[in-house]
Amino acid sequence: PAPGAPSPPIALARRAPSTGAASGSSGAIGGGGGGGYLAEGCAGAWELVSSASDSTSSRANELFQVRISHLAVGAVRLSVRGVHSVDGLYDRTGDFDGRPAYQRTELLPGSPGATGELRLLYSNLHGDWRFVEGGGEGVSRAVAFSPDVRAAKPEQVAGPWQLSGHAAAAGAGDASPGVPAPGPPARAELLAVAHLSRALVTVGRSSVVDATFADVFVKGALEAATAACGSAAEDARRQASGGRGLEGSPGGTFGSGALAAERSVLAVDLGPFFTAVQQTLLVEGAPILWFARRLQSSGGADGGDMENAMLAVPSLHLVPNAVAAPVLRHVQKVWEKSVFMPAFPDIFAANYLHSSKFIQVVEEFMTRAERQSFAQSPTATEFRRRWKTQVYFSLRQKEAVKVLQAVAAKPLQPAGSVEQCAKAAGGDFWLEASAELVRVLHTIWSDRWYLEVLYPKMVQLSLELVAKYGKLVGSVADAPDTPGAGWDASSASASWATTSLPVRLSRVAADILQIISALIESSAPEGPVGSLSRLVVGRLPSEAAAGARSGSGRRPDELVRALLDEAVAELRPVVQRLEACILRSAAAAATPQFAAIRGIPALYRMLSKPVPTQASPYVESAMRPILALRQATAAAPADTVARWACQAADTAALEFSVQASQLLESTKLQEASLKRLGGRSTGGGDTQVSDLDKIHIQLCLDAEAFSNSAAALGARPEGGNGLAKLAEVVVLVRPTYEAHHFPPAQAAS
């Protein structure tokens, strides 16, 4: 009513079905259709039935605007501005899919003369408000659309209008009832806003300015974003109620459709909320950002001249106080009981990541002083405190350890073939435990698990898992087994059985070496070498990665790499123990062949045999398990396999030297005894080769053949190794060998 005019009492009542009218309801002013038993259920238009208003004076007043919660009332005429293809005046034609629908009847002044019949309506089929070409029933030929399902009327659309087939948008709220679309205020209005804001800040009421801007520009966006989040949650509930399971932790799901439905009710994904907020408030051209830039104390984006200095409001921080803080408080208020407690760790981590990314984005629109002030503000501090990250870490730690414990409960048997290897992070592993370790480590540092605030604890957990893995696989080397078992020398192609110790342990060692390779530092930007190291160091928080040194004088990345090196140092002894077992098994198969050395004298004493020209068969028999070791341990890296073969040959050479030394000592004693027993000699004169010389020549031939085979593997006599000792033993009889040895061709002639 006009000021001072009496306001008659008006009752709002539902018409009784039996009598056709409620008691005393004949003097109705307006009536609304479509409802239910609650007034807010009336979704139709309220029509004037009183002659008090002249309905012919303005078609825009034909509806009786009633403010009732949940009542969606659309205007009769809309003015649409922003994109020439849809600009114009639209008159209401009726409801479509339960919401008001309009048709363009006039072009706006100054419009380039766009033609074609357009309708403005909401489509349940597409889930958006849209401008549709043509006057038929079809709704698919959209010119522009906005997926703001919350808006009950087109003038309530908060999101951008997307042009079909184009990336440009018409802006939020371009459809408004009866008035042109809003734009930048006039210079005088902007000066008035700046003057009033400056006055309030001066008297210590800057919070009033922040709250006013938040109410005008932020509140509606938060409500629309909340509705979008609720709509997404409703879709998830409907999807879960259909029996679809939701993905859970590595290696399984959360369970049946009923459990997934319960989870979708309790867990809320804030991704749609923060996405909608950013698309509305944190884009170029957003009104709140436009005001924030012009009211900054620097004078705005246009420079620092006197005219812009008049707009400056010192100590006014709109972006942190009118945008960031209201968003964080809104999240705490609406989702206090469902977001901050990690009842469902996956959703908890996703929401924490969504909020962290929002804070990073909004801080990009702040000055350095604003960022520092916002980081220390009570709102940001309280928001960070509410996240139960320690509880979340405990849950994740138990989950990760449980995975390795489940693997440890099973027998540690390597896969029988390459095709049976377990795959993880692009690698093939012989042990399921190795694959699980890599999977868990990659999961820990993925977006599904990782939280920046927990970086030190995540590093600690990773190192603990590596240590547990080392103890687990190290037990394989302690398993009882008969050295040399699995070597089949009787088959046509002598080889190590797949169940033999060298084959099984070499595959375990190959897994450990692959994990060590992933943990060491590498300059390569990608690839298996250094993959886990890059993953861990790459997650280093931005402040730490900037290069600030710790109390030890090291940069944070150097400390992390040092910790990874310590983890590698714990795994290397395990590899060495496995190597020792492999070499013992190879030596156990090779060294018994050298027992044939003791039978060399019996081949030449008193038998007048010719001078030997070929190595004894035992040399080849001793080398066969060593040569086969390369094929049996091919699962390990090539350089490691070559080193193992060299070490196995050197170990066999050491046993060869012991047997050769004993042979020379025994033959020396026997020759001395024969000479004392009547001056007998084993030779046939100075021009003949004695039996003793033949024994020495045969031993040299054998030693030379073995050394050549070892050299083909890459083994060399150096220091005090087995090959060096073997050469040292036969050097005393080498002159006899060189004096009487002929090449095979000459010996045959």
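Say whether the condition of being more than 27 Å from TYR352 (Cβ to Cβ) and modelled with pLDDT of 90 or more is met by at least one residue in the stretch 379-396.
Scanning the stretch 379-396 turns up no residue that is more than 27 Å from TYR352 (Cβ to Cβ) and modelled with pLDDT of 90 or more.
Testing ALA406 on (1) open to solvent by 50 Å² or more (accessible area, probe 1.4 Å); (2) under 23 Å from VAL339 (Cβ atoms), one condition comes back false. Which one is that?
(2)
In the list LEU328, LEU311, LEU318, which residue meets the criterion of being open to solvent by less than 20 Å² (accessible area, probe 1.4 Å), closer than 20 Å to PHE217 by Cα and at pLDDT below 90?
Within the list LEU328, LEU311, LEU318, the selection yields LEU311.
Of everything in the stretch 245-304, what is of a type in the set (Asp, Glu), at pLDDT 50 or above and surrounded by 13 or more Cβ atoms within 10 Å (Cβ to Cβ)? Give them in sequence order.
Selection gives ASP269 alone.
Filtering the stretch 605-620 down to residues that are surrounded by 13 or more Cβ atoms within 10 Å (Cβ to Cβ) and of a type in the set (A, V, I, L, M), which residue is farthest from GLU738 (Cα to Cα)?
Checking each candidate, the answer is VAL619.
Quick one: which of ALA602, ALA587, ALA567 is buried (at least 19 other Cβ atoms within 10 Å of the Cβ), at pLDDT below 90 and in a helix (DSSP H, G or I)?
Residue meeting the stated conditions: ALA587.
Could you list all residues from the stretch 134-164 that are among the acidic types (Asp, Glu) and buried (at least 17 other Cβ atoms within 10 Å of the Cβ)?
At the first step, the residues of the stretch 134-164 found to be among the acidic types (Asp, Glu) are 137, 148, 155.
Of everything in the stretch 134-164, those that are among the acidic types (Asp, Glu) and buried (at least 17 other Cβ atoms within 10 Å of the Cβ) turn out to be ASP148, GLU155.
Mind checking which residues of the stretch 182-235 are over 26 Å from HIS330 (Cβ atoms) and surrounded by 16 or more Cβ atoms within 10 Å (Cβ to Cβ)?
The answer is LEU190, ALA194, ARG198.
For the stretch 337-350, state whether one or more residues are open to solvent by less than 20 Å² (accessible area, probe 1.4 Å) and either at pLDDT 95 or above or of a type in the set (Gly, Ala, Ser) (or both).
Checking the stretch 337-350: at least one residue is open to solvent by less than 20 Å² (accessible area, probe 1.4 Å) and either at pLDDT 95 or above or of a type in the set (Gly, Ala, Ser) (or both).
Checking the condition of a type outside the set (Ser, Thr, Tyr) and in contact with a strand residue (DSSP E or B) (Cβ under 9 Å, 6 or more places away or on another chain), which residue from ALA648, ALA595, ALA588, ALA653 passes?
ALA588
Among the residues of the stretch 521-537, write down those that are modelled with pLDDT of 90 or more and either outside any helix (DSSP H, G or I) or surrounded by 20 or more Cβ atoms within 10 Å (Cβ to Cβ) (or both).
If the condition is that a residue be modelled with pLDDT of 90 or more and either outside any helix (DSSP H, G or I) or surrounded by 20 or more Cβ atoms within 10 Å (Cβ to Cβ) (or both), then LEU532, SER533, VAL536 are the ones that fit.
Each row is one residue, and each column tells you yes or no for (1) free of Cβ contacts under 8 Å to residues at least 40 places away in the same chain; (2) touching a helix residue (DSSP H, G or I) at 6+ places or on another chain (Cβ under 7 Å); (3) under 23 Å from ALA497 (Cα atoms); (4) in a helix (DSSP H, G or I).
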residue: PRO411; (1), (2), (3), (4): yes, no, yes, no
residue: PRO414; (1), (2), (3), (4): no, yes, yes, no
residue: ALA435; (1), (2), (3), (4): yes, no, no, yes
residue: SER446; (1), (2), (3), (4): yes, no, no, no
residue: TRP449; (1), (2), (3), (4): no, yes, no, no
residue: VAL453; (1), (2), (3), (4): no, yes, no, yes
residue: PRO456; (1), (2), (3), (4): yes, no, no, yes
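Within the stretch 418-439, track down each residue that is closer than 21 Å to SER475 by Cα and either open to solvent by less than 30 Å² (accessible area, probe 1.4 Å) or among the aromatic types (Phe, Trp, Tyr) (or both).
CYS421, ALA422, PHE429, TRP430, LEU431, ALA433, SER434, ALA435, LEU437, VAL438
The values are calculated or read from the model by the stated rules, or taken from the named source; none is laboratory data. Quick caveat, the model's predicted, so the values are computed rather than measured. In this analysis, Cβ positions are derived from the backbone assuming ideal geometry, glycine residues included, and neighbour counts consider all displayed protein chains. All accessible areas refer to the heavy atoms of the entire protein, side chains included, with ligands and DNA or RNA removed. Shrake-Rupley method; radii C 1.70, N 1.55, O 1.52, S 1.80 Å.
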